[in-house]
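Participant: Can you read through this structure? Questions will come right after.
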Ligand code: ADP
Ligand code: MG
């Protein structure tokens, strides 16, 4: 572990698919506990960046450190510090909520004597205790999203990565997610969330960055930034 202060440290990161460059020398430092909204048009590379941060994909060049651990060399250590909520919920439809969490808890190597407690804790945090023994397949999109978040929180990771978590949620489920994210933020998790919801980004996150043409072209603290100002800036940057 190095002594670098940032929870997430990205230097000169490049990633191409075949001949197509997606990230072209991206730099990003995120202090511990910060909530960053990662914005950008479709295809700008937001999911690519999250997958790189999660150690699920390898860069062509550049450095990524998570909590001082370097990727891809120390990917195993990094995975233990990261909870990922991908765009599609990674759940087993024929298992109950509790069984899903038990399955992923074993994948994360949570000791058996601690597993039940962690599962109850995670179910509590996302408000699914009463539905814990229902099959995931019977869950609405909002409930599946909450279960995905419970899965991401199960091993109590330092870092939460969320890829467009609001997509497909109704108003109620969006508000539930707002509350969940606020709680995760107060609990001290470092959060990176991609979204097209500029209003929510301005309200929830500490900082908004815009990915365009392979680099970050915008980096703003959200103090004194409302949804309208962010939307105007966004339109200018991504024009
Ligand atoms: P975003 O999440 O911002 O919409 P992505 O990171 O999904 O963008 O994609 C960025 C670009 O990389 C797009 O042009 C996409 O088609 C391409 N891309 C993403 N994943 C792959 C892949 N596995 N193989 C080839 N091209 C990919
Ligand atoms: Mg994406």
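Where a number appears in this text, it was derived from the coordinates with a stated rule and is not lab data. Just so we're clear, the structure is a prediction, and the values are computed from it rather than from any experiment. Here the Cβ is made from the backbone with ideal geometry for all residues, glycine too, and neighbour counts use every protein chain on show.
Participant: Over the range 137-217, one equal point on each Cα, no solvent: what is log10 I(q)/I(0) by the Debye formula at q = 0.19, 0.27 Å⁻¹?
Facilitator: Listed by q, the Debye log ratios stand at -0.88, -1.51.
Participant: If eta is 1.567 mPa s and T is 4 °C, what Stokes-Einstein diffusion coefficient results for the range 123-177, Kirkwood Rh from Cα pairs, in µm²/s?
Facilitator: The diffusion coefficient I find is 110 µm²/s.
Participant: Which shape class applies to the range 1-100: rounded if a/c is under 1.5, otherwise prolate when a/b exceeds b/c and oblate if not, where a ≥ b ≥ c are the square roots of the Cα gyration tensor eigenvalues?
Facilitator: Verdict is oblate for the range 1-100.
Participant: Further question: Assuming R0 = 35 Å, what is the FRET efficiency of residue 124 and residue 75, from their Cβ-Cβ distance, to the nearest 0.05?
Facilitator: Rounded to the nearest 0.05, the efficiency is 0.70.
Participant: How long is the gain from residue 172 to residue 217 if the chain were fully straight, where each residue apart is worth 0.36 nm and the alpha carbon distance is subtracted?
Facilitator: 12.9 nm
Participant: Specify the residue with the greatest mean-square fluctuation among 166, 108, 17, computed from a Gaussian network of the chain linking alpha-carbon atoms under 10 Å apart.
Facilitator: In the Gaussian network model the winner is 17.
Participant: Then there's this: For the chain, what does the helix formula give at 222 nm: sum of -39500 (n - 2.57) over DSSP H segments with n ≥ 4, over the residue count, nearest 500 deg cm²/dmol?
Facilitator: Working: 8 runs with 87 residues, N = 239.
Estimated from H runs of four or more residues: -11000 deg cm²/dmol.
Participant: To two decimal places, what compactness ratio does the range 94-239 give when its Cα radius of gyration is scaled by 2.2 N^0.38 Å?
Facilitator: 1.17
Participant: Now for a separate question. Consider just the alpha-carbon atoms of the range 35-177 and return their Rg together with their Dmax, both in angstrom.
Facilitator: Spelled out, the Cα radius of gyration and Dmax of the range 35-177 are 15.6, 47 Å.
Participant: In vacuum, with every alpha carbon of the range 57-129 counted as one equal point scatterer, what does the Debye formula give for log10 I(q)/I(0) at q = 0.19, 0.21 Å⁻¹? Two decimals, please.
Facilitator: After summing over all Cα pairs, the log10 values are -0.92, -1.02.
Participant: How big is Rg to Rh over the range 13-59, alpha-carbon atoms, Rh as the Kirkwood inverse-mean-distance radius?
Facilitator: We get a ratio of 0.97 for the range 13-59.
Participant: Ok, one more. Expressed in nm to one decimal, what extension gain is obtained for the pair residue 27 and residue 183 from 0.36 nm per residue of sequence separation less their Cα-Cα distance?
Facilitator: Length difference between fully extended and current span is 53.4 nm.
Participant: Can you sort 56, 147 by how many other beta carbons sit within 10 Å, fewest first?
Facilitator: So the residues, fewest neighbours to most, are 56, 147.
Participant: Taking the 0 to 90 degree range and rounding to the nearest ten, how far is the long axis of helix 112-126 tilted relative to the main principal axis of the chain, both from C-alpha atoms?
Facilitator: Between helix and principal axis, roughly 70 degrees.
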